[in-house]
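Quick one: this structure, given as structure tokens, is what I'll be asking you about.
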Amino acid sequence: MAKKKILFECQHCGLTTPKWMGKCTSCGAWDSFIELNEHQQEVVKQTKKSSSNSAKAISINKIKEESVYRYSSQDKELDMVLGGGIVPGSLTLIGGSPGVGKSTLLLKVGGDIASTGKNVLYVTGEESTGQIKLRANRLNANKDSLYLLSEIRLGQILIEIQEREYDFLIIDSIQTLYSEDISSAPGSVTQVRQITFELMRIAKDKNIAIFIIGHITKEGSIAGPRILEHMVDTVLYFEGDSSQELRILRGFKNRFGSTNEIGVFEMRSDGLVSATDIASRFFNRNSQQSGSALTVIMEGSRPIILEVQALVSESHTPNSKRQATGFDNNRLNMLLALLERKLEIPLSGYDVFINITGGIKITETSADLAILAAILSSFRDRAISKETIFIGEVSLVGDVRDVYGMDVRLREAKMQNISKALVAKKPLEKTGIKTFIVDEVTKLLEWY
Ligand SMILES: [Zn+2]
């Protein structure tokens with residue numbers, strides 16, 4: 001008879017070891033190990049296996065293309081970030097800080113999908129069905145084929161799914177759910193793995209699209225384990241917090257499409273909905289303050305005009321502060337060093353703050369030139385005309401480089417009545433915007 005295998009698992013990070021440990025060597029947590037029973041060991045094995053399936057190689061010309069069928073979530077921006085719509089049988093994690101609007105968005109979407117004749121189940125472990133009903137009234141989501149279930153036991157949820165043909169399932173939230181087969185607390189690694197594994201199985205089995213809500217801690221990770229991200233098909237996160245007018249939903253993983261696109265939402269009295277008039281929402285055309293410069297970034301297929309704000313003020317501490325919101329801090333430090341070195345701007349005695357309006361995070365380098373322009377504008381206390389945009393990547397040696405999609409960016413700027421652009425290279429196409437070439441950062445000084 002084979003010897004019974006013993007396995008322990010850290011309930012914070014998911015590290016498994018054959019020996020019990022008082023302190024986890026991976027995440028440093030104390031007293032976090034529990035012993036896994038045979039069934040749990042099997043789930044661990046299977047979830048690990050799914051990423052390393054062995055199979056024989058097949059000629060590429062003999063492989064059938066996978067066609068992915070999707071249906072609309074009835075929400076324009078959610079469809080966009082999902083890559084075109086909801087894939088039946090898929091498992092999606094939607095994360096964000098508490099209060100950002102995850103529940104209202106999915107309740108609204110649930111109601112809208114229900115009104116197309118599909119059966120939708122909203123499982124809440126956080127609120128009573130009465131509370132959800134109140135909110136559904138406000139969101140106009142009270143549709144006959146939207147079903148509510150207040151339940152935290154996985155077994156009961158699975159029974160409900162067996163009893164009715166559901167197309168769409170919302171779990172609010174993963175942190176409250178628990179499987180009675182497991183003794184560890186809700187939100188722990190073993191629980192989350194077991195629940196996700198079961199949900200994945202039922203999604204594929206019954207071709208139900210499942211959306212799981214996950215709350216994010218202050219440190220920016222899903223409260224409880226990260227393991228969820230590896231197991232699901234699609235991961236979407238809300239950027240920023242609930243204080244912002246616009247909420248950005250960004251894709252981090254998508255088994256059925258690209259993760260390039262973002263979704264832009266706004267909080268209104270009837271909940272979190274697709275934002276309208278996105279093109280003009282990320283900048284204020286009318287303010288004429290120093291420290292503000294406009295640029296155009298690309299978010300997937302969409303050009304978005306952004307306002308970069310800088311505040312340069314004399315520092316009263318030995319270590320001056322450099323802080324960026326929505327922009328990479330290391331890149332800011334690099335740009336500041338460049339300003340000192342190439343433009344001889346003595347910034348060492350100054351605090352520098354950067355803010356990108358609208359709660360968007362810049363993930364490309366095209367905004368470098370606008371960051372420099374905003375810093376110079378604040379430093380010299382001279383406002384920049386809102387007729388001008390800055391687009392260009394700045395290199396370590398101080399030259400400015402062209403970025404992709406310049407024609408698309410300039411055409412968007414033209415649509416928003418911007419007349420001048422400072423760029424690294426003359427664009428190939430006529431865009432109706434007067435361009436000025438700034439191929440070295442030193443040339444930026446001529447503009448002040
Ligand atoms: Zn650990």
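If we count trypsin sites (Lys or Arg not before Pro) as exposed when they sit in a DSSP loop and have at most 11 other beta carbons within 10 Å, what is the longest stretch of the chain that avoids them all? Present the calculation step by step, with values, prior to reporting the outcome.
Values: sites that count: K3, K4, K5, K19, K56, K64, R164, K218, K321, K430.
Longest stretch, sites excluded: 322-429.
For the stretch 1-33 and the stretch 137-181, compute the distance between their C-alpha centroids and round to whole Å.
After rounding, the separation between the Cα centres reads 32 Å.
Who wins for biggest fluctuation among L369, L134, L154 in a Gaussian network model of the chain, springs between alpha carbons below 10 Å?
L134
Which of L339, L169, L306 ends up with the largest GNM mean-square fluctuation for the chain, with Cα atoms connected below 10 Å?
Comparing L339, L169, L306 in a Gaussian network model of the chain, the most mobile one is L339.
Is it possible to state the helix-based mean residue ellipticity at 222 nm for the chain, with each DSSP H run of 4+ residues giving -39500 (n - 2.57), the sum divided by total residues, to the nearest 500 deg cm²/dmol? What is it?
Details: 10 runs with 113 residues, N = 448.
Helices in the chain give a 222 nm mean residue ellipticity of -7500 deg cm²/dmol.
Plugging the Kirkwood radius over Cα pairs into Stokes-Einstein for the stretch 1-46, at a temperature of 25 °C and a viscosity of 0.890 mPa s, what D comes out in µm²/s?
Translational D for this selection: 224 µm²/s.
Moving on to the next point. Would you mind working out the magnitude of the charge dipole of the chain relative to its Cα centre, with +1 at each Lys and Arg C-beta and -1 at each Asp and Glu C-beta, to the nearest 20 Debye?
Working: 55 positive and 54 negative charges, 155 e Å.
Charge dipole, the chain, about its Cα centre: 740 debye, nearest 20.
Putting +1 on Lys and Arg Cβ atoms and -1 on Asp and Glu Cβ atoms, find which of L332, S366, S179 reaches farthest to the positive end of the dipole of the chain.
S366
Still on this structure, please answer the following. Calculate the spin-label point distance for T363 paired with K64, positioning each point 7 Å from the Cα along the beta-carbon direction, and give it in nanometres.
3.3 nm
Give the angle, between 0 and 90 degrees and rounded to the nearest 10, that separates the Cα long axis of helix 368-380 from the longest principal axis of the Cα atoms of the chain.
For 368-380 against the chain, the angle is about 50 degrees.
Please state, as a whole number in µm²/s, the translational diffusion coefficient that the Stokes-Einstein equation yields for the chain at 10 °C and 1.306 mPa s, with Rh defined as the Kirkwood radius across alpha carbon pairs. Intermediate values should be presented prior to the final figure.
Numbers: Rh = 24.7 Å.
Answer, rounded: 64 µm²/s.
Could you tell me which GluC sites (Glu not before Pro) in the stretch 311-366 are loop residues by DSSP with no more than 14 other beta carbons within 10 angstrom of their beta carbon?
On the way: sites: E314, E340, E344, E364; in loops: E344, E364.
Hits after loop and neighbour filter: E344, E364.
State the answer as a single residue: which of S97, N355, Y237 lies farthest towards the positive end of the charge dipole of the chain, with beta carbon charges of +1 for Lys and Arg and -1 for Asp and Glu, about the Cα centre.
The residue sitting farthest along the positive end of the dipole is Y237.
Here's something else I'd like to know. Rounded to the nearest percent, how much of the accessible area of the stretch 272-341 (1.4 Å probe, protein heavy atoms only) is carbon and sulfur?
On the way: 1400 of 3250 Å².
Percent of accessible area from carbon and sulfur atoms in the stretch 272-341: 43.
Step through the residues of the stretch 416-425 one at a time and calculate ³J(HN,Hα) from phi using the Karplus curve (6.51 cos²θ - 1.76 cosθ + 1.60, θ = phi - 60°), rounding each to whole Hz and writing x for Gly and Pro.
Couplings: 9, 6, 8, 10, 10, 9, 9, 9, 7, 8 Hz.
Let me ask something else about it. How would you classify the stretch 76-276 from its alpha-carbon gyration tensor, with a ≥ b ≥ c the square roots of the eigenvalues: rounded for a/c under 1.5, else prolate if a/b is greater than b/c, otherwise oblate? All intermediate terms of the calculation are to be shown ahead of the outcome.
Working: a/c = 1.33, a/b = 1.13, b/c = 1.18.
It comes out rounded by the Cα gyration axes.
Now for a separate question. Which one, L306, T124, S258, is farthest towards the positive end of the dipole of the chain when Lys and Arg carry +1 and Asp and Glu -1 on their Cβ?
S258
Another question about this same structure. Please calculate how many Å² of accessible area the stretch 280-447 carries per residue, with a 1.4 Å probe and no DNA, RNA or ligand atoms counted.
Numbers: 7760 Å² over 168 residues.
Accessible surface, normalised per residue, equals 46 Å².
Another one. What is the helix-to-structure angle for 38-49, meaning the angle in degrees between its Cα long axis and the longest Cα principal axis of the chain, kept from 0 to 90 and rounded to the nearest 10?
So the helix axis and the longest Cα principal axis differ by about 40 degrees.
Also, quick follow-up: Keeping all protein chains in place, calculate the accessible area per residue for the stretch 76-276 (probe 1.4 angstrom), answer in Å².
Values: 7510 Å² over 201 residues.
I get 37 Å² per residue for this part.
Could I ask something else about it? Of the candidates S97, S59, S184, which one comes out as most mobile in a Gaussian network treatment of the chain with C-alpha springs shorter than 10 Å?
S59
Something else about it: Report, to the nearest 10°, how far helix 189-206 tilts away from the longest principal axis of the Cα atoms in the chain, using its own Cα long axis and a range of 0 to 90°.
The two axes meet at around 80 degrees.
The values are calculated or read from the model by the stated rules, or taken from the named source; none is laboratory data. This structure is a prediction, so every number in the text was calculated from the model and none was measured. Counting neighbours? That spans all protein chains shown, and the Cβs are built from the backbone with ideal geometry, glycine included. Please note that ligands, DNA and RNA were not included when accessible areas were found on the heavy atoms of the full protein model with its side chains. Shrake-Rupley method; radii C 1.70, N 1.55, O 1.52, S 1.80 Å.
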